[in-house]
Amino acid sequence: PIGTAAAYAPVTMNMGSVSAAGTLTGSTTNGDDANISGSDINTFRTVNRSWNFSKSGALTVSSFGATFEWFGDQDANFDFNNAIVGRYNGTAWNYPSVGTKTESSIQILNESSFGSYQIGKQCQYTSISSEPSSVAICEGTLTDIQVSATGDGTLEYAWSRNDQPLSGETLNTI
């Protein structure tokens with residue numbers, strides 16, 4: 001079993017063809033992967049657990065699938081419907097194909113490498129769809145300046161004039 005008596009977090013591995021024997025070692029750690037900040041996973045919406053798998057010997061597997069389970073570890077804002085799995089290989093993050101998802105498990109498909117696995121919501125990057133245009137404003141007249149953006153969660157805006165912040169201006173229109 002993987003985990004502790006208080007935090008059991010099993011993983012079911014489904015191996016494709018094994019062409020060379022070896023050993024696969026697995027473990028799980030409470031908390032997010034130490035390298036999560038370099039991933040596409042939102043650190044505030046995870047299962048607060050990472051799993052690590054490493055091979056030794058000549059173990060060679062054509063592909064594998066895995067089902068990760070957790071029980072009550074997740075952040076309050078975690079939603080399994082939007083979950084992805086990230087695999088950190090020591091230098092970069094990759095994102096395996098995901099199969100079945102439940103409130104306490106997620107399946108990955110057709111993986112070919114082992115590493116550290118983290119489950120969470122994928123970050124939604126902010127995209128500015130229209131920037132404000134430069135306008136000539138005569139003294140004593142009013143005009144609206146607006147920006148349009150999309151992104152994850154509630155977006156906040158900061159406006160400035162002559163490189164100085166405009167206090168209290170946090171909406172998309174001033």
Which ranges mark the strands (runs of 3 or more DSSP E) fully within segment 1-107 that have 1 or more residues being of a type in the set (Lys, Arg)? 41-61, 83-88, 97-102
Hey, could you check segment 81-114 for residues that are of a type in the set (Phe, Trp, Tyr) and open to solvent by less than 50 Å² (accessible area, probe 1.4 Å) and say which is nearest to the chain's Cα centre (by Cα)? 93
The lone condition residue 53 fails out of (1) open to solvent by 60 Å² or more (accessible area, probe 1.4 Å); (2) aromatic (Phe, Trp, Tyr); (3) touching a residue at least 40 places away in the same chain (Cβ under 8 Å) is (1)
Could you give every pair whose Cβ atoms fall below 6 Å, whose first residue belongs to segment 9-34 and is farther than 19 Å from residue 61 by Cβ and open to solvent by 50 Å² or more (accessible area, probe 1.4 Å), and whose second residue is of a type in the set (Val, Ile, Thr) and modelled with pLDDT under 95, counting only separations of at least 6 or pairs across chains? none
Filter result (open to solvent by 90 Å² or more (accessible area, probe 1.4 Å), closer than 26 Å to residue 40 by Cα and at pLDDT 80 or above) within segment 133-174: 158
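The values are calculated or read from the model by the stated rules, or taken from the named source; none is laboratory data. Values in this document were obtained by computation on a predicted structure and should not be read as measured data. Positions of Cβ are generated from backbone atoms using ideal geometry, with glycine treated the same way; all protein chains shown enter the neighbour counts. Areas reflect the complete protein model, heavy atoms only, side chains present, ligands, DNA and RNA absent. Shrake-Rupley method; radii C 1.70, N 1.55, O 1.52, S 1.80 Å.
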